[in-house]
1. Exactly one of (1) buried (at least 19 other Cβ atoms within 10 Å of the Cβ); (2) at pLDDT below 80 is unmet by residue 199. Its number?
2. Tell me, which residue of region 33-48 that is in contact (Cβ under 8 Å) with a residue 24 or more places away in the chain and either surrounded by fewer than 13 Cβ atoms within 10 Å (Cβ to Cβ) or touching a Ser or Thr at 6+ places or on another chain (Cβ under 8 Å) (or both) is nearest to residue 167 (Cα to Cα)?
3. Considering only region 83-135, how many residues are of a type in the set (Lys, Arg) and under 17 Å from residue 22 (Cβ atoms)?
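The values are calculated or read from the model by the stated rules, or taken from the named source; none is laboratory data. From a predicted model like this one, the values you see are computed outputs, not experimental measurements. Using ideal geometry, Cβ is built from the backbone for each residue, glycine included, and neighbour counts are taken over all protein chains shown.
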Amino acid sequence: MVQLFLDGGNFMWPILGIGIIGLIFVFERLYHLISGLGANESFALKIAETTKSKGFDDALSECDEAIGPVANLCYNALECAPKGVEEAEKALDQTGGIEMASLEKNMTWISLCIATAPMLGFLGTVWGMIQAFNDIKMANDISPAIVAGGISVALLTTAFGLVVAVILQVLQNTVLYIIDNQIVVMQKATTYLLQAIGDKSNK
């Protein structure tokens, strides 16, 4: 495998660099998302029950101890809850937008790496083909050994670029799946919390 990488020529190194950069962004996103999964739908229901039974201050304390977009959403809404449901709803809308942006941070860079890796691979192949034809010209011979050897080396960059892109694409889809689930949980948390704040305010 290492020998195939080395046989691919100089274009293999920037493709490898792009793959490493893409993986860094992917694992940063996974760490950020997974660390916030503790504040899930059950957490939102618990906060809503605490709000109804014990009040806003106790619910705020529970949110302060949790990490993640749902916890942040609940905390900011509960801070404004004493002013009424409308103020809490405004806080939820504002915080929801911020948390959505936070969830999707760096996703464009991952997409860029996915798009760039195969393009560099194709460029490396074209460059390799040019060199192969130059070798034929210099040897003044179009023997199968010269042609096949040059083309084989040229195609390695395309193969490596596609492998990097496929790996990053699978990981990106995993990240997007977690983000989609988090958005659904945030929407449910918003509903639960607004109902709880409304019930508490009407008492």
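1. Only one criterion is unmet by residue 199, namely (1).
2. Filtering region 33-48 down to residues in contact (Cβ under 8 Å) with a residue 24 or more places away in the chain leaves 33-41, 43-45, 47-48.
Cutting the leftovers down to either surrounded by fewer than 13 Cβ atoms within 10 Å (Cβ to Cβ) or touching a Ser or Thr at 6+ places or on another chain (Cβ under 8 Å) (or both) gives us 34-35.
Working: 34: 20, 35: 23 Å.
Checked region 33-48; the qualifying residue nearest to residue 167 (Cα to Cα) is 34.
3. 1
Yes/no matrix, rows are residues, columns are (1) surrounded by 14 or more Cβ atoms within 10 Å (Cβ to Cβ); (2) touching a Gly at 6+ places or on another chain (Cβ under 6 Å); (3) of a type in the set (Gly, Ala, Ser):
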{"position": "66", "(1), (2), (3)": "yes, no, yes"}
{"position": "70", "(1), (2), (3)": "yes, no, no"}
{"position": "74", "(1), (2), (3)": "yes, no, no"}
{"position": "80", "(1), (2), (3)": "yes, no, no"}
{"position": "89", "(1), (2), (3)": "yes, no, no"}
{"position": "99", "(1), (2), (3)": "yes, no, no"}
{"position": "125", "(1), (2), (3)": "yes, no, no"}
{"position": "132", "(1), (2), (3)": "yes, yes, yes"}
